[in-house]
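Notes follow the structure.
Please treat every number below as a calculation from the coordinates, not as lab data. Only a predicted model underlies this, so the values are computations on that prediction, with no experimental measurement involved. Backbone-built Cβ (ideal geometry, glycine too); neighbour counts: all protein chains shown.
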Amino acid sequence: MRYTDIFKTWMVLCLALINFGICYVELDDEAEFQAEVEPTVTIAILARNAASNLPWFFGGIENLNYPKHRIDIWISTDHNEDDTESVLKTWIDAMKPLYHNINLTIGESSRYVDEAGEHLGHWSEMRYDHVIRLRQEALDLARHRWSDYLLMIDSDQFIHDRNLLRHLISQDKPVIAPMMNSTSLYTNFWGAVTEDGFYKRSDDYLDILERFKTGTFNVPMVHSIFLINLRHEVTRHLQYYPPHPAYVAAPDDIIQFSFSARYNNVPMFVTNARYYGSLIPPVEKGPKFLQLVADYGLYIRLVHIHEELVLEPSKHVPLPPPKFDNKLGFDEIYLINLERRPDRRIMMEQALAELGIEYKYFPAVDGRQLNETYLDQLGVKQLEGYLDPYHKRPMKMGEIGCFLSHYFIWKEMEEKGYNRILIFEDDVRFRVNFIRYFYEMMAEADRHINGWDLLYIGRKIMQNNEDFVINSRHLVYPGYTYWTLSYAVTRSGLKKLLAQDPIAKMLPVDEYLPIMFGAHTNKEWLEKFFPRDVTALSANPLFVEPLKYIGEEGYVSDTEDSLPITESKQEASSVENSKDSQYSTSDSMSNKQPPPNPTGHTEL
């Protein structure tokens, strides 16, 4: 065999061995060939009562941009009162051939002895001790297998960033966590700790949380999801159990690990350089614990839809079926959407599908398509003396289109003999626990206010100190109000709204509704409608809010340059720049000073 043939055979052999280590060929003094495989990673997962969210948790794991044959997965589950165990087995059966190895440990199914009499979600001393030992077991296993890295992750984390693992490894830190988004001020790091190792708010915590400061930060505590670099010499002394002799606090897995890191001079870091995903905040213990966990998971999925982000479920885990009435007890649910805004329709369709809500698509009346002849045929006339409260101008075609969109739904409700309908505009985001709170609110309305007519689900509150309905958690009597993001109407309310022949004395729909329940501040307009006897209620806090507020990053308005109508004949007298108008679904929200950009966070 010639030398060149031997050399070629040798090169082919080296390339074949790349998946098993390092192939190094010295060709001459100046040239060399070197190829390296990815570091090995152990992913340690603790899952308890997590069945409702496991499809999306595992979707994040599956979609990591990292070779699966370089990953070992260790999973432990116990003390479940849902289908967590069966979901884990289903996923492992499908995915085990793809990973280097997957181990599942199943513990006891009954509650801890010292959990007896406590609500689900309670952290007893026995539970803390068990979790501490499990985490140490995962750490020992990763070291025993000579893993380069250990990713500790709880099953309440939703990974969005496919490159999360690669990015954390590239930071070359002993211990580093990706900052996960939350529905509150809670997240997976502490900015400071007390002398005893307990939580303390640091001066820069909110700046990091809200990403006013971005980068990688040295912090005293990370938890729930973080990466340990087992190749770093300093991490060899990290441990959960047994606790260090100097540790005197009560058993707590995250506090003990943080203490171990500080005692052994192992720095911890958190990075918020990108959006990595979201986590479920601590959920109130009680009989509804499992439902609350599911509701928070649902809310996280809705947030991803609203922000046009992708959170894919695993293809190997069956999705939990909806467990509620598709129409929420209404005869019909309407979604108003401008046909030239299919992006909003798609977003709302996805959100309503997640909520399990069946709806009817209702094409909005587009102000751009309106003309004088059509309005004359309908009998549309602007209310005598109406001028926009802020801009002192007549109505614009977009506002007329919005009113007609709602009006035509009212007329369909009348024609079909519906008793109750619910209306959504297409630029809303849903609050956490929407379905559960919605049912509670509707039950309160029917129980406490016999014969209510109108119920706001989302609006802009213009007056403070609205009175709560007696014995109600969710309902107030609304004052002067803007916006028609979402509201419910009963048949009695419909009759009162239509009895005024509102298109013959039209003003924006979000001005008309508060007139009809007597809360409008313009007395001249009030006097032109009688009787003003609509019984109105509102959710408090509101159940939906706008997708974006003016001034918020990503805010887009459907406002167009449109002609204002005159008070006499609805004819265009001049072209006004309508960029000072903000419409919702059908160019509907006139510019009525929206609130400042909310943070979206509430303190737990």
Of the listed pairs K360/K411; K68/K173; K288/K360; K360/K381; K213/K460; K411/K460, those with alpha carbons more than 20 Å apart are K68/K173; K288/K360; K360/K381; K213/K460; K411/K460
Taking the Cβ-Cβ separation of R143 and K89 as r and a Förster radius of 22 Å, what is the calculated FRET efficiency to the nearest 0.05? 0.20
Compactness relative to 2.2 N^0.38 Å, alpha carbon Rg of segment 311-377: 1.58
Residue separation times 0.36 nm, minus the C-alpha to C-alpha distance between I470 and N101: what's the value? 126.9 nm
May I ask for the percentage of alpha-carbon pairs in segment 472-518 that lie more than 16 Å from each other? 45
Would you please give the FRET efficiency between E38 and R211, computed as 1/(1 + (r/R0)^6) with r the Cβ-Cβ distance and R0 = 30 Å, to the nearest 0.05? 0.55
Taking θ = phi - 60°, what integer Hz values does the Karplus form 6.51 cos²θ - 1.76 cosθ + 1.60 yield along segment 376-383, in sequence order, with x for Gly and Pro? 5, 4, 6, x, 6, 9, 6, 4
Rounding to the nearest 20 debye, state how big the charge dipole of segment 322-405 is about its Cα centre with +1 on each Lys and Arg Cβ and -1 on each Asp and Glu Cβ. 260
Sum up the charges of everything whose Cβ sits under 10 Å from the Cβ of K416, counting Lys and Arg as +1 and Asp and Glu as -1, but leave K416 out. -4
Enumerate the amide H contacts of R429 below 5 Å, restricted to partners 5 or more residues apart or on another chain; note that Pro and chain-start residues carry no placed amide H. E545, L547
Starting from the amide H of N181, placed 1.01 Å from N in the peptide plane, find each other amide H under 5 Å away whose residue is 5 or more places distant or on another chain. Y276, G277, S278, L279
Nearest-20 debye value, segment 75-224 charge dipole, Cβ charges on Lys, Arg, Asp, Glu: 740
Residue-by-residue Karplus 3J(HN,Hα) for segment 281-288, coefficients 6.51, -1.76, 1.60, Hz, glycine and proline x: x, x, 9, 4, 6, x, x, 9
